[in-house]
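The values are calculated or read from the model by the stated rules, or taken from the named source; none is laboratory data. Model, not experiment: these values are computed from the prediction. Neighbour counts run over all protein chains shown; Cβ positions are idealised from the backbone, glycine included. Note: areas computed on protein heavy atoms with side chains; ligands, DNA, RNA excluded. Shrake-Rupley method; radii C 1.70, N 1.55, O 1.52, S 1.80 Å.
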Amino acid sequence: EKDTTIGISGHWGEEEADYDRKNHAVHVDTWSLNLDLTLPLMEKLALVGEAWTGSNLDGLYGGAGQGVQGLDRDGNLANGYEFPGSGIDAQGGWAAFEIGPFGAFRYMLGASIDDPENGDLNPKQRSCNLSYFGNVYYNITKSLSTALEVSYWETDYIDLLDGDSLRLQGAFIYKF
């Protein structure tokens, strides 16, 4: 009874990357290509997800938060660079099983990955983010719902030890 949906989207733009206090800057392209899918498997079970690829995606929270070669996390020139280079290429996506609804409740279990090209990165930059998550949504009214999510994150770095974290997040969602 539910429809399969496939979506395609993307963007293209240009970012000015200022890299010193003398107003020196470079212009770097930013682009992405994205594919979304909702695939009903059973009455109360669907596979949902997105796959993407692109370059200079830090403004869209892609590339593990890194956009331009030669710039550090704070937008300053990294060691060994006289000026920034091109965009950091990255690819990734997420997939989840959506379960429900059961009355006012709906659940999701899934995983995501954000994988910048290691050859575009400097030492100490994030080389991969991987997460596993589970969440529950509760519809308070037709327009207002709340959600609670628990997720486990693994982050790999170039020339640094890997990091991990366990997160608990909550949200209120108002639909209009």
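Taking the range 118-127 as the region of interest, how many residues are farther than 25 Å from D36 by Cβ and either part of a strand (DSSP E or B) or small (G, A, S) (or both)?
So the count comes out to 2.
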Residue that is farthest from F102 (Cα to Cα) [pool: residues in the range 142-161 that are charged (D, E, K, R) and either loosely packed, with under 11 Cβ neighbours inside 10 Å or modelled with pLDDT under 95 (or both)]: D159
Number of positions in the range 118-141 that are open to solvent by 60 Å² or more (accessible area, probe 1.4 Å) and under 17 Å from A171 (Cβ atoms): 4
Test: residue in the range 74-87 that is within 19 Å of the chain's Cα centre (by Cα) and under 12 Å from S32 (Cα atoms): yes
